[in-house]
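Chemist: One structure is given below, represented as structure tokens, and several questions about it will come after.
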Amino acid sequence: MPYNVSMKRAFGYIRVSKDPKLEKLSPAVQRRMLREACSARRWELSEIFEDIDVSSAKMDAAGTWAELATKLKPGDVVVTWEFTRIGRNLRQTLERIDRLHEQGVELVSLEGDLDTTTAAGKLQYQVLLVLAEFERNRLGERLRHTHEQIAREGRWKGGGTPPLGYKYTPGAKVLEVEPEEAEIVRELYRLRDAGASIHTLIREMDARGVKGKRGARLDYSAISQTLRNPTYIGKRVHKGDIHDGQQEPIVELEVWERVQARRRTGQPNSGSYLLSGFLRCGVCKSTMIHQRNRARSLYACKRARQFRDTTLITIEEHLADEWVTEALFKRLDGKKLGELKEKARRKAPKAKAKTGQVQAQLARVEASLERLVSDYYDADQPLLTPEQFRKKNAELLESKASLEGKLRELKDVAQLNNIVNLSERRARDIRESWEGMTLDERREVLRLFVESVTVAPAKKKFDRGRVRINWR
């Protein structure tokens, strides 16, 4: 009798972790065992889906799990070596198994011969998943304790890219000075100590053709991190705690402390000017920053000033302030301030509620970054390749930066109700009370009405049309 008439259709699923300590069998062995198991049960093994070095968090997006789900029909069976391959933790695994059950699909694990179609099988796999997650958490704790001990001893934990000025020999656990790079670091500190701004340092390094690690350009972020890194005075930083390091210092302690003092007090507050944070370049859409050019006070495109790869858009401070405030006063004509106050009251609680959601997302991303470090580093050797680590780390850092920007924006919106706290006289007539307001109060009024202000290139000096306001 041809078995394929009554055979149950089966699909195999294999996921191999990036951590070799979590793997018991290779993909080749698992494939063989899946075929033998289906043959013994007289199931038709249609296809085996494999996710090699794909994390459980990316099973749906980057792996083959989503493709497998589209091919399943009621009565099918998904066969895997262990239930732990379906998810990273108990909650994620149960959710994915429940979705299979909603499709009428069975899930069978060869490890322990468990079958989720029975009550006993469900109980057994839940117990096994709890134990597996417990063991994974214990491994993470051991790695964290190991990294903390290494930091306390002042050693380098290995893996990753050492700071500019140092090199690392695998197995040494101690950073060694790279003479040529160390001279670059000392020069940065010397120029900064002499009063040079970070933008000046960027232009100076570009003019000299000086590069950072692996030929990377010394941009604002790279130089800022170099100028505040305690590693250069022989310290070791771990999770905010500073320990004495075993590496040789590159910068003298007195110079380092003077540079830190300049970093804390040398830059004006970004909110020190009326339109700081509101202006956007009409060419590259980047932020416009305040600067003084001899006797003139200007807003200028930050990207053009820093990288010199686009047209430099500038506008005099007094013109921008005058044109924006005049447009604001015109918009206020005919508006009922009471309605605007009520709108602010309604909008602020929503922003506050959403702030909590974004903070939770940011906390999850930061936890993922911490987990990535635990996966990458180990007491003896990295668990991931440098390329894998850089790719994942860049994705998480980009996500973190995006969420931090969104959080700042939401916090600004949440403060819109501050306008309600102005005196009743000011609330009745902002135009008359404008001169008596503080700078912070004026900026809060602008935030209530203005989303951003785009400045286009100047066709003539007093062209008001080059300023376009995006109202809330």
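The values are calculated or read from the model by the stated rules, or taken from the named source; none is laboratory data. Not measured: the values here are computed from a predicted model. As a convention, Cβ positions derive from the backbone with ideal geometry for all residues, glycine included, and neighbour counts pool all protein chains shown.
Chemist: How many residues does the stretch 97-112 contain that are of a type in the set (S, T, N, Q) and surrounded by fewer than 16 Cβ atoms within 10 Å (Cβ to Cβ)?
Modeler: 1
Chemist: Next up: Just to be sure, is ASP193 closer than 24 Å to GLU387 by Cβ and surrounded by 13 or more Cβ atoms within 10 Å (Cβ to Cβ)?
Modeler: no
Chemist: Quickly run through the stretch 143-174 and pick out the residues that are crowded, with 17+ Cβ neighbours inside 10 Å and closer than 15 Å to LYS213 by Cα.
Modeler: Across the stretch 143-174, the qualifying residues are GLY159, PRO162, PRO163, LEU164, GLY165, TYR166, TYR168.
Chemist: OK, next. Scan the stretch 49-82 for residues that are among the β-branched types (Val, Ile, Thr) and buried (at least 20 other Cβ atoms within 10 Å of the Cβ) and jot them down.
Modeler: VAL77, VAL78, VAL79, THR80, listed by residue number.
To keep it simple, each residue is scored yes or no on (1) surrounded by fewer than 16 Cβ atoms within 10 Å (Cβ to Cβ); (2) modelled with pLDDT of 70 or more.
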site: LEU328; (1), (2): no, yes
site: GLU342; (1), (2): yes, no
site: ARG345; (1), (2): yes, no
site: GLN359; (1), (2): yes, yes
site: GLU366; (1), (2): yes, yes
site: PRO386; (1), (2): yes, yes
site: PHE389; (1), (2): no, yes
site: LEU407; (1), (2): no, yes
site: ILE419; (1), (2): no, no
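Chemist: Looking only at the stretch 67-107, which residues are among the hydrophobic types (A, V, I, L, M, F, W, C) and within 25 Å of LEU139 (Cβ to Cβ)?
Modeler: Correct list: TRP81, PHE83, ILE86, LEU90, LEU94, ILE97.
Chemist: Let me ask another. Give me the pairs: first residue in the stretch 442-458 and β-branched (Val, Ile, Thr), second residue at pLDDT below 85 and buried (at least 20 other Cβ atoms within 10 Å of the Cβ), beta-carbon distance under 7 Å, and six or more apart or on different chains, which are they?
Modeler: What qualifies is VAL445/ILE419; VAL445/ILE430.
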